[in-house]
Amino acid sequence: MFTSGLSFCFVVPPKITIPKPRKMTHGERAELQCAVTGFTPGTISIVSSLQRKEQPLRQLFHWEIPNKKAFRSSTKSFHLEDRSDRNNKDAAFTAEVPKCEPDTKDGTFRVTCRIVMTPNESTDDGAVLIVQVNHEALPVPFTEHFGINIAGVPPKITTIESKPKEIKHGEKTELQWAVTGFTPGKMSIISSLQRNGEQIRQLFHWEAQDKKTFEGKGSAFSLKHLSDGRNKDASFAAQVPKCEKDKDGTFRVKCSITVTPDVSRHNEAELTVQVQHEALGVCEPLIEKLKLHVTGGESASRQTQHSGRFK
């Protein structure tokens with residue numbers, strides 16, 4: 001019986017599985033995975049790139065196995081070669097060079113890539129992550145695009161403090177608070193006053209109308225002044241506050257209202273500050289209140305005279 005010396009070598013292309021990234025949150029680490037499985041030895045490369053809005057395509061990582069020789073010891077795992085451009089690194093993305101591991105059941109190989117991202121809402125929201133896998137058994141490279149969606153961070157509001165601590169009749173007092181830790185998005189800060197037995201009256205209304213308001217403004221910009229001048233209270237004054245950017249990419253607004261109180265009109269009145277931001281979604285707006293306890297003035301004198309009658 002004649003037997004030829006021919007042998008057959010089959011090259012099997014990889015299967016690529018990339019779970020869609022979950023909704024990310026500004027400043028919180030998130031892991032992006034790519035599993036390349038079931039392939040036989042052969043030249044293979046895995047390239048990940050990022051396309052931010054209005055910016056050129058940027059390669060993040062490039063890993064490869066240049067030829068079949070690397071697969072000689074098919075029972076051991078080995079690292080892919082790192083061909084990434086170190087001069088083009090992006091601080092928001094990190095990764096370990098992945099390993100190629102043998103599957104002893106069927107003789108194929110697999111590579112699991114893990115990219116860790118710490119997203120910045122102002123730069124990375126709406127960006128596209130592109131993963132391209134090539135293998136000599138693939139007719140064309142496999143390419144997958146993923147849109148990066150980053151959830152905004154809602155603000156926090158501090159308590160309202162008066163400086164000086166004691167609010168005195170006829171003496172200027174500053175009422176201060178801050179709105180902190182939020183990412184770009186439509187937001188408003190409304191301060192109102194309610195005197196005893198009267199309807200609530202809006203004092204000031206400041207607003208950032210949308211995310212575009214935060215773009216290209218440097219480290220600080222003034223909010224838009226939407227207060228109704230017809231409803232002014234001459235005892236209260238304020239400068240339109242500035243929105244300032246912090247090192248972590250979030251923003252803050254320091255607010256200050258100056259009041260020259262009249263004890264007969266403002267004692268026991270209540271100042272209410274209401275903050276709304278698109279990241280709060282269906283949640284109620286943030287609300288902070290301060291009751292004005294005004295000392296001195298005519299009512300205090302009357303109280304002293306009244307108490308003196310019973311001495």
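Laboratory data are not the source of any read-out in this text; all were calculated from the coordinates shown. Just so it is clear, the model here is predicted, and its values are computed rather than measured. All Cβ positions, glycine included, derive from the backbone under ideal geometry; neighbour counts span all protein chains shown.
Mean-square fluctuations from a GNM of the chain, with a 10 angstrom spring cutoff on Cα atoms, peak among 202, 55, 276 at 55. Annotation for region 225-292: GluC sites (Glu not before Pro) lying in DSSP loop with at most 16 further Cβ atoms inside 10 Å of their Cβ are 268. Using only side-chain charges placed at the Cβ, +1 for Lys and Arg and -1 for Asp and Glu, the dipole size of region 34-137 relative to its Cα centre rounds to 400 debye. Pairs from the table (186/212; 224/245; 163/289; 168/242; 186/245) lying more than 21 angstrom apart at Cα are 168/242.
Once the Cα atoms of helix 297-308 and of the chain are each reduced to a long axis, what angle between those two axes, in degrees from 0 to 90 to the nearest 10, is obtained? Long axis of 297-308 versus the principal axis of the chain: about 60 degrees.
Apply the Kirkwood formula to the chain: the hydrodynamic radius equals the inverse of the mean of 1/r over all pairs of different alpha-carbon atoms; give it in Å with one decimal. Taking every pair of different Cα atoms in the chain, averaging 1/r and inverting gives 24.7 Å. What the Cα convex hull of region 156-295 gives, in volume per residue, is 112 Å³. Cross-link reach is defined here as a Cα-Cα straight distance under 15 Å, omitting same-chain residues fewer than 8 places apart; for residue 15 the aspartates and glutamates meeting it are 101, 103, 106, 136, 144. In the chain, the DSSP-assigned H stretches of four residues or longer account for a calculated mean residue ellipticity at 222 nm of -1500 deg cm²/dmol, using -39500 (n - 2.57) per stretch and the full residue count as denominator.
Taking Cα centre as origin and charging only the Cβ of basic (Lys, Arg, +1) and acidic (Asp, Glu, -1) residues, the dipole magnitude of the chain rounds to 420 debye. Our summary gives region 129-194 a relative contact order of 27 percent, counting only alpha carbon pairs under 8 angstrom and 6 or more residues apart. Farthest towards the positive end of the charge dipole of the chain, among the residues 113, 267, 159, is the Cα of 267, using unit charges on the Cβ of Lys, Arg, Asp and Glu.
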